[in-house]
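Presented below is the structure to which this report refers.
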Amino acid sequence: MLDLKKIRENPQWVEERLASRGRGYDLQRLQALEHDKRALQSETEILQARRNAISREVGQLKGQGGDASALLVEMQGLGPRLKELEQLLRVKEEEVLAALSELPNLPDETVPPGKDEKENVEQRRWPGVGDPAAKPFTALNHWDIGERLGILDFNAGALVAGARFTVLRGLGARLNRALIQFMLDLHSDEHGYTEVMPPFLVNRESLFGTGQLPKFEEELFAQRDDPLFLIPTAEVPVTNLVRGEIVEEELLPMKFVAWTSCFRREAGAAGRDTRGLIRQHQFDKVELVWITRPEESNAALEQLTRDAEQVLQRLELPHRTVALCTGDLGFAARKTYDLEVWLPGQGCYREISSCSNTGDFQARRMQARVRRKESRKVELLHTLNGSGIAVGRTLVAVLENYQQADGSVVIPDALRPYMGGVDIIRPKG
RNA sequence: GGAGAGAUGACCGAGCGGUUUAAGGUGCACGCCUGGAAAGCGUGUGUACUCCAAAAGGGUACCGAGGGUUCGAAUCCCUCUCUCUCCGCCA
């Protein structure tokens, strides 16, 4: 959520920053609503002040056995009007909040301008320049590899749930679990994150806090009997750990790592990535969340991104890091780096992690603040999140990058401690 | 799921219709005292919005959330949420 004061003081600047996202946002209506709201507020408060004064006097008079009838008459004239104003003010406040909640975050000054993903700017590549060399055989897609090995069963997923669900079998399930454990251990043991195991179902308040509601409800799986939603990412429950809190400055930064399954309806993605594990309704993800002081969030984004890259480097998976351009930024993000992993079967890079600094955008929605050590003043803190990394897509990357000419898949060294002695997955028979 | 108890400021805790502009205590900050410290004494101590060009200084709201009764609600009524205890069920 944006700062209303900033919008009031410098609407043109805010409008320009928003416009850089590629579509215009009209602040006129919001400003008119807010203007009306403040007028109503002034009027209401004057009457409330009078009401309070009268009540006080009535109390005193009655205490002394005096006659308060004149005051009661005045109150009768004032009461209905005040009730009406309070109601109008409440409605107007809700309208202002609703309009404000629809606006996305302002892109950071350092975000490259551009209208879509084609204008994202590559930051670096690993292990070096250029695309990885082609394999000396025809590289298969992961779904072919997985089905031949008997570890990915798309038909079974469709049978028990539906399209975009998959059953992992045998060493496929084991490999998925190995990836989760490897990532959690790396971030908690070596990168200083605190592991968190949050609920997979969250309430509306949490989804509002991180920005999924009210705008993106159609992307969420709702429950029929309870006002709860399956999480689309661990960012929601983990970031909301500080919702409504005033955190002492010395407790920051907080760094959390969480494995969760994630659930997305993919409502707008019909026809895209219909085969394979790339786009599923349910997938596992290890998420990194930072809660920081305002002045350290920019540096935190760089570190968080490096922490995520480290996963790919330990797995020796070729990848690159791109800075999203203004037109490709997500709703809550002020700045985002995407990690893209090389997929030999498709001959291209695919997103496997997205690391964002949301600045105070989510903090304002959550009312999450920091109390400064010196001044004792409170101000909004900053929140960041990033995949560290998407497990399903990492499984895809391992299968495609570690496939051999005979159809087998070698287990990356970093995962072997988690694979119970298995170092290669071979086709059956 | 059933029955009961509860939710008050950073924390503990009183208040149960108008001297509450939320008692008292703890903590914290500052000052006095001291060679220094403790103790003692004194002063201060939330958040949001808003008025004022700003500061100073006002106003309003907030006692789990939302409604209601009343001239007036932390206090009475209704609904909901959460916590605790007991019972039932259950991985």
Handout entry: Condition check for A:R8: out of contact with any helix residue (DSSP H, G or I) (no Cβ under 8 Å at 6 or more places or on another chain), within 9 Å of RNA strand B (Cβ to nearest atom) and within 18 Å of A:A99 (Cα to Cα)
Key = no
Problem - Those residues of region A:214-251 which are among the hydrophobic types (A, V, I, L, M, F, W, C), crowded, with 19+ Cβ neighbours inside 10 Å and under 30 Å from A:E296 (Cβ atoms), in sequence order - result: A:I231, A:A234, A:V236, A:V238, A:V242
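For (1) within 30 Å of A:G276 (Cβ to Cβ); (2) at pLDDT 95 or above, each residue gets a yes or a no:
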site	(1), (2)
A:E102	no, no
A:N120	yes, yes
A:V129	yes, no
A:A134	yes, no
Exercise for the section: Check A:E266 against each of (1) among the acidic types (D, E); (2) touching a helix residue (DSSP H, G or I) at 6+ places or on another chain (Cβ under 6 Å); (3) on the phi > 0 side of the Ramachandran plot and name the one condition it does not meet. Expected result: (2)
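Table: residues versus (1) of a type in the set (A, V, I, L, M, F, W, C); (2) within 24 Å of A:R364 (Cβ to Cβ); (3) not assigned by TED's automatic domain parsing to the domain that holds A:T233.
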| residue | (1), (2), (3) |
| --- | --- |
| A:V289 | yes, yes, no |
| A:N298 | no, yes, no |
| A:E302 | no, yes, no |
| A:R314 | no, no, no |
| A:L317 | yes, no, no |
| A:G330 | no, yes, no |
| A:R334 | no, yes, no |
| A:D338 | no, no, no |
| A:W342 | yes, no, no |
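Results for (1) farther than 30 Å from A:L207 by Cβ; (2) within 12 Å of RNA strand B (Cβ to nearest atom), shown as yes or no for each residue.
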position	(1), (2)
A:S42	yes, yes
A:K62	yes, yes
A:E74	yes, yes
A:L78	yes, yes
A:E86	no, yes
A:E102	no, no
A:R124	yes, no
A:D131	yes, no
A:T138	yes, no
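Basic (K, R), within 15 Å of A:L82 (Cα to Cα) and surrounded by 12 or more Cβ atoms within 10 Å (Cβ to Cβ): which single residue out of A:R50, A:R17, A:R8 fits that description?
Numbers: A:R17 fails: within 15 Å of A:L82 (Cα to Cα); A:R8 fails: within 15 Å of A:L82 (Cα to Cα).
Testing whether each residue is basic (K, R), within 15 Å of A:L82 (Cα to Cα) and surrounded by 12 or more Cβ atoms within 10 Å (Cβ to Cβ) leaves just A:R50.
The values are calculated or read from the model by the stated rules, or taken from the named source; none is laboratory data. Since this is a predicted model, take the numbers as computed values, not measurements. Note: ideal-geometry Cβ built from the backbone for every residue, glycine included; neighbour counts use all protein chains shown.
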